[in-house]
Structures are given as structure tokens and as C-alpha cells.
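Engineer: Sharing a structure here in C-alpha cells format.
The values are calculated or read from the model by the stated rules, or taken from the named source; none is laboratory data. Because the structure is predicted, anything quoted here is derived from the model rather than measured. Here the Cβ is made from the backbone with ideal geometry for all residues, glycine too, and neighbour counts use every protein chain on show. The area values use the complete protein model at the heavy-atom level, side chains included, leaving out ligands, DNA and RNA. Shrake-Rupley method; radii C 1.70, N 1.55, O 1.52, S 1.80 Å.
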Amino acid sequence: MAEMSVRPLSPHLQVYKMLFTMLMSILHRITGVGIYFGMALLAIWLIAAASGEATFEFVNGIYGSILGQLVLVGFTWAVIHHMMGGVRHLIWDTINMLDVASAKLLARITLATSITLTIVVWAVAYAIRWAGA
């Protein structure tokens, strides 16, 4: 029988040290999936609005609960974070900030901006809601 050649194994996840830019790449994919499912929430809300006042109030009651609002805050963050990730990729597409230090800085800016904008969006939403009450 012929001897088998010894080939090196492909590197596996255990070999790599988790870098912040890797985490941001994974998070970008996760937020994309979250947006996919979050759009179902928007569709349910729009269908409830078209179905009548009782259905709309029922859905608003669910979305207005503490758990519902946490889900909506998460959805808002996912949309904003995914958008900021797209801006980061757009910057890279212009052949800018491709070195390691700039990529790390851009990843940190993406995360900080997405969190900050989510807080701002919800603060404005609550300010408008309370001003109308």
C-alpha cells in the first residue's frame, strides 16, 4: 500500500486569537440576521395598523411592554450598527484606512457610534412621546 503524504492541517478557530476587528465582522453578520427577523416585527405592526384599532392596540401593548421595548432597542441598535458597518466597508472600498491601526480605530468608532446613535434615537422618541402626553 502506498504511503500517504503528510499534509499540514488548516488553521482552526482555536489557533487564532480573537481580535476586535474579527468580533466586529461576526457582529456585522449577526446584526444582519437580527434585522431580517426584526423586519417581521415591523410587518406585524403594519398589518395590525391595517387590521383595525383593536388589533393595533394589542400589538402596541406588546411592543410597549418592557420586554417588547428591549427587543425594539436591540432591533434599533442592530439596524444602526449594520449601517455603520456598511459605512466602514464603504470607506475601505475607497482604499482608505486599510492599515491595521486604522482598521482597529474604525471598528471602535463603528461600535461607539452605533451605541451612541441608538441612545439618541430612543431619547428623541421618548422626548416626543412625553411631549405629546
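Engineer: Using 0.36 nm per residue, how much length does the chain from residue 53 to residue 130 gain when fully extended, once their Cα-Cα distance is taken away?
Structural biologist: 25.5 nm
Engineer: Normalising by the residue count of the chain, find the relative contact order in percent from Cα pairs under 8 Å and 6+ residues apart.
Structural biologist: Relative contact order comes out at 26 percent.
Engineer: Can you order the peptides 77-84, 46-53, 93-100 by their average number of other Cβ atoms within 10 Å per residue, highest first?
Structural biologist: In descending order of packing, they fall as 77-84, 46-53, 93-100.
Engineer: Additional query: How far is helix 53-64 tilted, in degrees, relative to the longest principal axis of the Cα atoms in the chain, given as a value from 0 to 90 rounded to the nearest 10?
Structural biologist: The two axes meet at around 50 degrees.
Engineer: While we're looking at this one, here's another question. Could you provide, to the nearest whole Å², the per residue accessible area of the chain with probe 1.4 Å?
Structural biologist: Solvent-accessible surface per residue comes out at 75 Å².
Engineer: Okay, next question. Please state the relative contact order of the stretch 31-90 as a whole percent: Cα pairs under 8 Å, 6+ residues apart?
Structural biologist: With pairs under 8 Å counted, the relative contact order is 45 percent.
Engineer: Next question. What ³J(HN,Hα) values, in whole Hz, does the Karplus curve 6.51 cos²θ - 1.76 cosθ + 1.60 give for the stretch 40-46 when θ = phi - 60°, with x put for Gly and Pro?
Structural biologist: For the stretch 40-46, the Karplus curve yields 5, 4, 5, 5, 4, 5, 5 Hz.
Engineer: How tilted is helix 100-132 with respect to the longest principal axis of the chain? Cα atoms for both, answer in degrees (0 to 90, nearest 10).
Structural biologist: 10
Engineer: I'd like the carbon and sulfur percentage of the solvent accessible area for the stretch 1-118, probe radius 1.4 Å, heavy atoms only, ligands and nucleic acids excluded.
Structural biologist: 73
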